[in-house]
Amino acid sequence: MIRFIFILFVLVLPTGAFAQIKNLIKEEASKQTAYALELCKYLHENPELSFQEFETSVRMASELKEIGFEVTEKFAGNSVVGIYKNGEGPTVFLRTDMDALPVKENTGLPFASKKMADLDGNQVSVMHACGHDIHMSTWTGTLRTLVALKDEWKGTLMVIAQQAEEYSGGAGQAIDAGLFSKFPVPDYALAYHINPELETGQIGLRGGPVFAGVKTVEITVYGKGGHGAYPQKCIDPIVISSRIVNDLQTIVSRELSPTEPAVVTVGSIHGGTRPNIIPDEVKMELTLRYFSDETIAKVIASIKRISANAARVAGVPEDKLPLVYVLPSETPPVLNDEALSTKVSKFATEIIGQENIIETQPEMVGEDFGKYGRTEEDIPICLIWLGSTSPEEMQRLKAEGKAPYPLHSPQLNPDYENTIKTGIEVMSGNVIGLMNK
Ligand SMILES: [Zn+2]
Ligand SMILES: [Zn+2]
């Protein structure tokens, strides 16, 4: 009987204990929201482009130092790494991105973006149109909350303010520079991204694919140029390319399983100069989107087969078949670890209620957070979506048959305060849940 009671106690305690501290978390999070909101307005007003996050990274480093983190600045560029040790326990990694986009803001906000000088000294329009200002301030607010509540958890916080997410360079560069050898190997890695299609107070979560993998391919089609009036003396690479573009459409529709998502888009095609000249070559650029390594391998093999055979059909000799070049830079898919997502969902349920946890669909855009889960350390990762449109605004838009402005829009105008508040609550809850003594 005693044993039974003990087992029951052990089973019940963790959630019970978490339920008790949830009020502490919410209280502290709402205190920190005001601070984070001011920080967010500053960051929004002073955006910086990818690889040029000079002032932003200095500010992030000073925020971390003020909280009590050991800080490494200029890590693999402008990234900032922080470590906060709080006894024996797991290491939880929390990432924010820092870069803004070359977008001319059109919101009319009192803290609308200022221009920045680019590397050549030209004043250019820049905007946090992907919500990275909210990510940074929510991240800061979360860390302030966690340190204020440090008696409630044990372990190490490892954090990064990462450069160049929009170029998919920052995560890979930090990893290549020894992120997981110079610093501890995290037990869990967490991140968030705002989502205007969800309401503030809600988060979007799913185990498995969240963002697609991205690969870029260049195809050069060779022909035999000549006068447009003598096609019989030429091999026309424009005709071959047209055939290739059409046949590429059959990869997803005819070669992959209908339940396996992928995208093959030819985004640019260039060939020729004048109406009466058949050119020597045509160049195409493709973007590919996928969720599994097997799928992308298949897609690339099909692109090569289709390109080569379209050229053969036209009589192109074997040594002049199209060159299919897969660019080495890659954004892998963001695949949320199932077990970690289940834990996150449990903690988030305690904080905001199950009705506010929305199971989102995978998106075909890319996010370089996935790279942190693809190293040999095999770190479980989880990225959550933060709803960023107020329920009132969502209702108004729906009534008018409209949708919220999407990410990267010059009119993106999130409900800053409530997005940040939910972000701090939920992420603090996750970290404390994972590190709770
Ligand atoms: Zn973006
Ligand atoms: Zn983004």
Dividing the alpha-carbon radius of gyration of region 236-291 by 2.2 N^0.38 Å, where N counts its residues, gives 1.38
About its Cα centre, region 213-326 carries a charge dipole, from +1 on Lys and Arg Cβ atoms and -1 on Asp and Glu Cβ atoms, whose size in debye to the nearest 20 is 260 debye
Burial-style ranking of 143-149, 395-401, average other-beta-carbon count within 10 Å with highest first, yields 143-149, 395-401
Taking the chain and counting helices only, DSSP H stretches of n ≥ 4 at -39,500 (n - 2.57) each over all residues, the nearest-500 ellipticity at 222 nm comes to -12500 deg cm²/dmol
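Run the numbers on the chain and let me know its relative contact order in percent, using alpha-carbon pairs under 8 Å that are six or more apart.
Working: 924 pairs, mean separation 101.6, N = 437.
Over the chain, the number comes to 23 percent.
Order of 186-198, 348-360 by packing, highest average Cβ count within 10 Å first?
Values: 186-198: 23.2, 348-360: 16.2.
The packing order, highest mean first, is 186-198, 348-360.
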Charge tally for neighbours of W385 with beta carbon under 13 Å away, counting Lys, Arg as +1 and Asp, Glu as -1, is -4
Taking every C-alpha to C-alpha distance in region 213-326 and binning by 10 Å from 0, the per-bin percentages run 14, 45, 28, 11, 2
Inter-part gap, Cα centre of region 114-159 to Cα centre of region 351-422, in whole angstrom, is 16 Å
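Where a ≥ b ≥ c are the square roots of the eigenvalues of the C-alpha gyration tensor, would you call region 272-360 rounded, which needs a/c under 1.5, or, failing that, prolate if a/b is larger than b/c, or oblate? It would help to have the intermediate numbers written out before the result.
Numbers: a/c = 4.83, a/b = 3.09, b/c = 1.56.
Prolate, since a/c reaches 1.5 and a/b exceeds b/c.
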Helix 293-313: inclination vs the chain longest Cα principal axis, degrees, rounded to 10, gives 10 degrees
Across all Cα atoms of region 329-424, Rg and the largest Cα-Cα distance (Dmax), in Å, are 15.8, 50
Per the charge dipole of the chain (beta-carbon charges, Lys/Arg positive, Asp/Glu negative, Cα centre), the residue among A148, T72, M394 reaching farthest to the positive end is M394
Over all pairs of different Cα atoms in the chain, the reciprocal of the mean inverse distance gives a Kirkwood radius in Å of 23.8 Å
With a 26 Å threshold on alpha-carbon distance, the violating pairs from K104/K402; K41/K346; K26/K104 are K41/K346; K26/K104
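Ordered by packing density, taken as the mean number of other Cβ atoms within 10 Å over each peptide's residues, highest first, how do 155-166, 240-251 rank? Mind dumping the intermediate values first?
Numbers: 155-166: 25.9, 240-251: 18.7.
Final packing ranking: 155-166, 240-251.
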Nearest 10, in degrees from 0 to 90: the angle of helix 132-148 to the longest Cα principal axis of the chain is 30 degrees
Farthest towards the positive end of the dipole of the chain, among S242, V263, V344 and with Cβ unit charges of +1 on Lys and Arg and -1 on Asp and Glu, lies the Cα of S242
Taking Cα atoms only, helix 54-67 is inclined relative to the longest principal axis of the chain by an angle, in degrees rounded to 10, of 20 degrees
In terms of the charge dipole of the chain, which places +1 on Lys and Arg and -1 on Asp and Glu at the beta carbon, the residue among V316, I278, I424 farthest towards the positive end is V316
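Mean separation of Cα pairs under 8 Å and 6+ residues apart, divided by the residue count of region 250-319: what relative contact order is that in percent? Kindly include the intermediate steps, with their values, before the conclusion.
Numbers: 60 pairs, mean separation 19.3, N = 70.
This gives 28 percent for region 250-319.
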So, over other residues within a Cβ distance under 15 Å of Y325, counting Lys, Arg +1 and Asp, Glu -1, the net charge is -1
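Read-outs: derived from the displayed coordinates by stated rules, not from any lab. None of the values given here were measured: they were computed from a predicted structure. With ideal geometry, Cβ positions are generated from the backbone for all residues, glycine too; neighbour counts draw on all protein chains shown.
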